[in-house]
Structures are given as C-alpha cells and as structure tokens.
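Enquirer: Could you have a look at this structure, given as structure tokens, before my questions?
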Amino acid sequence: MNKPKKIAIYKKLIRRLSLGFETLSPEIQEEISSFIKRQQHASGGFCDRAGNPDPYYSLFGCWLSLATGQKAETENLKAYILEQPATSSTVEELALNLMKTELLTKQKNESLFSLLKKVFSGHNFMDISYRFFLLALTIDATTKKRFLFNRMARIWLPFYKVKENSPCSLVAALCFARYDLGLGYKKYQKLLLEFHQEKAGFRAFETTPFSDTLSTGVALFSLAETKYDLRLITPDCLDFIQMNYLAGAFLSGDSDETRDLEYTFYGLLALGSLVKD
C-alpha cells in the first residue's frame, strides 16, 4: 500500500487559517479581506507597521491571501518577488524563499547547504530558534531537501533539552517537530499546556502575566496537529481571540492596538486550530 503524500507544513498552516476564516460571519470575513487588501503596497509587497513593503510581512500577507481566496493579491505579490526586493536579514531571505516555493513553482530552489549557510550568517537580528523554524518550513516545502534534513533532525532532536524558561513558541515547535518525525511528543504537549492561562490564551513565558496572540496561535496549532483534545481550553481561548479582534485584524494581545498582518495571521491560526478538521 502506498503511503499518503506528506503535506508541507506551510500548507497545514494555510489550511488552519482557512478553517478559521470560514467559521466567521460574512461581515467579519469582508472586514478581514478588506484589511489584507489595504496592507498591500503598489509594488505588490505587503507592508510592515511603518507602511513599507517588507519580505517578512509579505509572507504573512501571502499566506493570508491564499487562505482567504484573494487571487488578485497573490498575483500582484508575484511581481514584487520577481523584482528581488532587498533583504536585511536571513529571516527576510527565508520568507522570500517560502513565497517563491508557493507562487513561483518553476524557479530553481536553493541548495540545503546555501540555506544552512544563511541561518548562520552574520546579518541576523532574530533569535536562532525562529530562524531554524523558518528554515525547517523552507526545507519541508521542497521534497528533495526534506529527506536529508529529516534524517539530521531525527538524530539531533532526541538530545535536545528544553531549557528553563524557554518560550512557548519554541516548545510548540519542538512538540510539532517530534510528532511529525515520529518521536515521542506527549511530554511536550504537557509542557505546552503549562503556558495556558485560565480564562485567557497562552503566554510567551511561564512567568509572563498576560497571554498573547502569537503564543496562542502557535500553541493551539501544535496541539491541534498532534491530536490533543482541546475541548477543555477552547472556551477560554475563543474568548481571548474574540477580545483581540478589531476592525478586520487581530491584535497582539498585550494591550497594543496596532493592527498588522502578523498578528492577524496568528489570530486566524488560533481560531482555525480550534476547529475540528
């Protein structure tokens, strides 16, 4: 019997976004679609908080557009990617690679060595664990690189220990990665649940006094994809997500009312992860 074809992780993310979007009323869907459209720059890229086209925010705009069926926006984004916009970090370069994988399928992908070199290059401003997360998504999206990378991960992951006061996002990534690679993961589900707050969502660190949308989105995605029964925490998380929706976008959850594509992505991801697929 043939094994079912593995679905790329980024496609699972888009699927969860779509599920979250589909649960909303037509009025809210229209608000979100309009917000996404307004965030697209004339160049085709999506804007950061300062209103400038940016590869990192364009990745969230790309996935949100795909999940909400906005074909014109994804076509405009292709023009932006083909222009090879300037990047200032490895994270932005990996974001461009992920968009190319989905939107420019005929273009040649970078080698595994080249991608690894980027992660360890000098012009990086984000935490190494987040760079590895985007690297894993990029490699996973390309079948030819996936086999070797997965073999390396299976050797390395059993020896990796979660450090004290590690962020929720890192624990969520490890939980999902171990499940995806056929390693023990239930211990990590329990660790992840320690970040959940009663009558709220998930917090970034166990010592953080408030929940946030990013941690809630990635934690729920990881738990949903690893088949954890979310029924007991669903009411709390739904209330938290609803409280942080504002006029077509989701907020960060830390009292900052700036609307942007990144937190809209995490809000819809959280919502879609609570939906039975």
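Please treat every number below as a calculation from the coordinates, not as lab data. Bear in mind the structure is a predicted one, so any value in this text is a computation, not a measurement. Because the Cβ atoms are built from the backbone with ideal geometry, glycine has one as well, and the counts that use them run over all protein chains shown.
Enquirer: Dipole of the range 12-104, Cα-centred, from +1 at each Lys and Arg C-beta and -1 at each Asp and Glu C-beta, to the nearest 20 debye?
Expert: Details: 9 positive and 12 negative charges, 41 e Å.
That gives a dipole near 200 debye.
Enquirer: Which order, highest average first, do 16-23, 218-225, 42-49 follow once you tally other Cβ atoms within 10 Å for each residue and take the mean per peptide? Spell out each step's value before the answer.
Expert: On the way: 16-23: 20.2, 218-225: 24.8, 42-49: 18.4.
Result, highest mean Cβ count within 10 Å first: 218-225, 16-23, 42-49.
Enquirer: Quickly work out the Ala50-to-Glu22 label distance, labels modelled 7 Å from Cα along the C-beta direction, and quote it in nm with one decimal.
Expert: The modelled label-to-label distance comes out at 3.9 nm.
Enquirer: A follow-up question, please. Going through the cross-link list Lys12/Lys190; Lys100/Lys276; Lys161/Lys199, which pairs have a Cα-Cα distance over 27 Å in this structure?
Expert: Values: Lys12/Lys190 22 Å; Lys100/Lys276 30 Å; Lys161/Lys199 30 Å.
Table pairs above 27 Å Cα-Cα are Lys100/Lys276; Lys161/Lys199.
Enquirer: With +1 on the Cβ of every Lys and Arg and -1 on the Cβ of every Asp and Glu, and nothing else charged, how large is the dipole of the range 23-67 about its Cα centre, in debye rounded to the nearest 20? Don't skip to the answer; put the middle values down first.
Expert: Values: 3 positive and 5 negative charges, 25 e Å.
Dipole about the Cα centre, nearest 20: 120 debye.
Enquirer: Farthest toward the dipole's positive end in the range 47-96, which of Ser88, Cys47, Thr68, given Cβ charges of +1 (Lys, Arg) and -1 (Asp, Glu) about the Cα centre?
Expert: Farthest along the dipole direction, towards plus: Thr68.
Enquirer: For the range 173-211 and the range 235-277, write down the distance between their C-alpha centroids in whole Å.
Expert: 18 Å
Enquirer: Residues with amide H under 5 Å of Phe46's amide H, sequence separation 5 or more or different chain, H placed in the peptide plane at 1.01 Å from N; which?
Expert: Residues meeting the amide H criterion: His41, Asp54, Ser58.
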